[in-house]
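Worksheet: the structure to be examined is printed underneath.
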Number of protein chains: 2
Amino acid sequence: MLTISILVNIPRLSAAKENSVSDPNDMPGHLARRFQQIAVAVFLAEVEDAGFDLTPVQYAALATIKANPGLDQVTLAGLIAYDRTTITGVIDRLVQKGLAERRASSRDRRARELEITDEGRRTLRRITPAVESAQRIMLRGLSAKEGEELMRLLRKAIAAGNDLSRAPLRESQA
Amino acid sequence: MLTISILVNIPRLSAAKENSVSDPNDMPGHLARRFQQIAVAVFLAEVEDAGFDLTPVQYAALATIKANPGLDQVTLAGLIAYDRTTITGVIDRLVQKGLAERRASSRDRRARELEITDEGRRTLRRITPAVESAQRIMLRGLSAKEGEELMRLLRKAIAAGNDLSRAPLRESQA
DNA sequence: TACTGATAGTCAGCATACTGATCAATATCC
DNA sequence: GGATATTGATCAGTATGCTGACTATCAGTA
């Protein structure tokens, strides 16, 4: 008896799906955010399980510094498509953790040359399995072929939209 | 003549691509971040061009409040897969802009019931073309079929990884 | 009814990310 | 050579997002 009135008062929370012309939850933008949210969580969990404390950006920056010793911050930002103002803080933390060094450039006194330290190299080497495991986990709902196709489509969409964000990818000029 | 020595001194910035076993720039996690970065930039640009000041989260929250009047913050967070601590700030700003209201719940004194205001409703209605335009733009590099396939794969990967982030999607219980 | 556990919301703290500004140094142009 | 523009780095300010903790409240139970 009481049960009836209670049931009647429950708001119909699924109304969005039926009423809205376009469900915000099914828009490309929302799917992009959600997938990235999961990707970051998986990355951090795998890396922490391996005994390290490194964020996705920090990993990308460190790997890029190792591959391009002595590069400056703007170039680094372009190579991994981050805003240069974000990179400032990321490098701060890599330096503070002893994984990278920031030196004044002799050629351009405005610029800082970035180097990876021995500990940074060691960290990078030992963290790789966790990073690769994370990539597998975030695609675990897809077959190998579907995973490849997802990556192909993302690459294509990203290439077409590269200049739409403040921090586009800048290919190296070598 | 001078040209020769200059060319020789240019660092080989593309070394990453050839040396690394796995290019960080081509990992699923990086592609996810990059696509989302573009999606957010496009959303904000389109919305601003239309004369509004609303972020993607704010839009999603407002649309969900409109579709589910009187819902509480935890339920809202679950419906759009955001952490409840993030939602606190988002609602703060929606309230401050006069687009939503936060009322004490009569049934549960811990909870806040959320309502959209008339101005919120008006904003939502007038902003819709910009939001939809943004979704098209972020997929502009893909054919219609490819866009559909990308969304299908994202949905599938997200469904499989739903519980891997702190803020999983919680379907309504209606 | 008192105890225990769970839940709604908030907060402090941290790390992305962005906009827009500033400063120092370099490039460019007349 | 000197004015002008550009560039590398940083900073202030704002908004996501997260972790972990805390308070107030509610729910279930002994």
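The values are calculated or read from the model by the stated rules, or taken from the named source; none is laboratory data. Since we're looking at a predicted model, the values are computed, not measured. Neighbour counts are summed over all protein chains in view; Cβ atoms, including those assigned to glycine, are modelled from backbone coordinates with ideal geometry. Side chains are part of the model used for accessible areas, which takes the heavy atoms of the whole protein and leaves out ligands, DNA and RNA. Shrake-Rupley method; radii C 1.70, N 1.55, O 1.52, S 1.80 Å.
Note the buried accessible area between A and B here, summed over both chains, with a 1.4 Å probe, in Å² to the nearest 100. Could you put the intermediate results ahead of the total?
On the way: alone 12450 and 12480 Å², together 18690 Å².
In total, this chain pair buries about 6200 Å².
Could you calculate the FRET efficiency of A:Asp83 with B:Arg126 from 1/(1 + (r/R0)^6), where r is the beta carbon distance between them and R0 is 30 Å, rounded to 0.05?
Computed FRET efficiency for A:Asp83 and B:Arg126: 0.50.
With Rg and the Kirkwood Rh both taken from Cα atoms, where does Rg over Rh land for chain A? Each step should come with its number before you reach the end.
Values: Rg = 21.8 Å, Rh = 19.3 Å.
Taking Rg over the Kirkwood Rh, I get 1.13.
Which residue, B:Gln37, B:Ala134, B:Thr117, has the largest displacement toward the positive end of the dipole of the range B:19-138 when charges sit on each Cβ (Lys, Arg +1; Asp, Glu -1)?
B:Thr117
Rg and Dmax in Å for the range A:116-164, alpha carbons only: what are they?
15.3, 38
Sorted by average packing, counted as other Cβ atoms within 10 angstrom per residue and highest first, what order do B:139-145, B:160-166, A:154-160 take? Please list the in-between numbers first.
Details: B:139-145: 14.3, B:160-166: 16.6, A:154-160: 18.6.
Result, highest mean first: A:154-160, B:160-166, B:139-145.
Mean residue ellipticity at 222 nm from the helices of the protein assembly as shown, using -39,500 (n - 2.57) per DSSP H segment of n ≥ 4 over the full residue count, to the nearest 500 deg cm²/dmol?
Calculated mean residue ellipticity at 222 nm is -19500 deg cm²/dmol.
Using the beta-carbon distance between A:Glu101 and A:Arg152 and R0 = 51 Å, what value does 1/(1 + (r/R0)^6) give for FRET efficiency, to the nearest 0.05?
On the way: r = 37 Å, r/R0 = 0.73.
Efficiency at R0 = 51 Å is approximately 0.85.
How many partner chain Cβ atoms sit within 10 Å of a residue's Cβ in peptide B:85-95, on average, as a whole number?
Numbers: counts 0, 0, 0, 0, 0, 0, 0, 0, 0, 0, 0.
Mean partner-chain Cβ count within 10 Å for B:85-95: 0.
Quick query: amide H of A:Glu113 versus all other amide H atoms, modeled in the peptide plane; which residues come in under 5 Å with a sequence gap of 5 or more or a different chain?
So A:Glu113 has HN proximity to A:Arg103, A:Ala104, A:Ser105.
In 10 Å bins starting at zero, report the fraction of Cα pairs in the protein assembly as shown per bin as a rounded %.
The distribution over the protein assembly as shown is 5, 22, 29, 23, 14, 5, 2, 0, 0, 0, given as percents.
Averaged over B:138-148, how many beta carbons belonging to a partner chain fall within 10 Å of each residue's beta carbon? Intermediate results must be reported in sequence, preceding the final value.
On the way: counts 9, 7, 4, 9, 6, 1, 0, 0, 5, 3, 0.
Shielding by partners across B:138-148 averages 4.
Ordered by packing density, taken as the mean number of other Cβ atoms within 10 Å over each peptide's residues, highest first, how do B:105-116, A:101-112, B:70-81 rank? Please list the in-between numbers first.
Details: B:105-116: 14.2, A:101-112: 11.7, B:70-81: 19.8.
Packing order, densest peptide first, comes out as B:70-81, B:105-116, A:101-112.
Could you tell me the relative contact order of chain B? Use alpha-carbon pairs under 8 Å, at least six residues apart, and round to a whole percent.
Here the relative contact order equals 24 percent.
Taking the Cα centre of the range A:31-164 as origin and charging only Cβ (+1 Lys, Arg; -1 Asp, Glu), how large is the dipole, in debye to the nearest 20?
Numbers: 22 positive and 18 negative charges, 44 e Å.
Dipole of the range A:31-164, to the nearest 20 debye: 220 debye.
Listed here are the pairs A:Lys66/A:Lys156; A:Lys97/B:Lys156; B:Lys66/B:Lys145; A:Lys66/B:Lys145; which of them are more than 29 Å apart at the Cα? Please report the intermediate quantities before stating the final value.
Working: A:Lys66/A:Lys156 27 Å; A:Lys97/B:Lys156 37 Å; B:Lys66/B:Lys145 31 Å; A:Lys66/B:Lys145 40 Å.
Checking Cα-Cα distances, A:Lys97/B:Lys156; B:Lys66/B:Lys145; A:Lys66/B:Lys145 exceed 29 Å.
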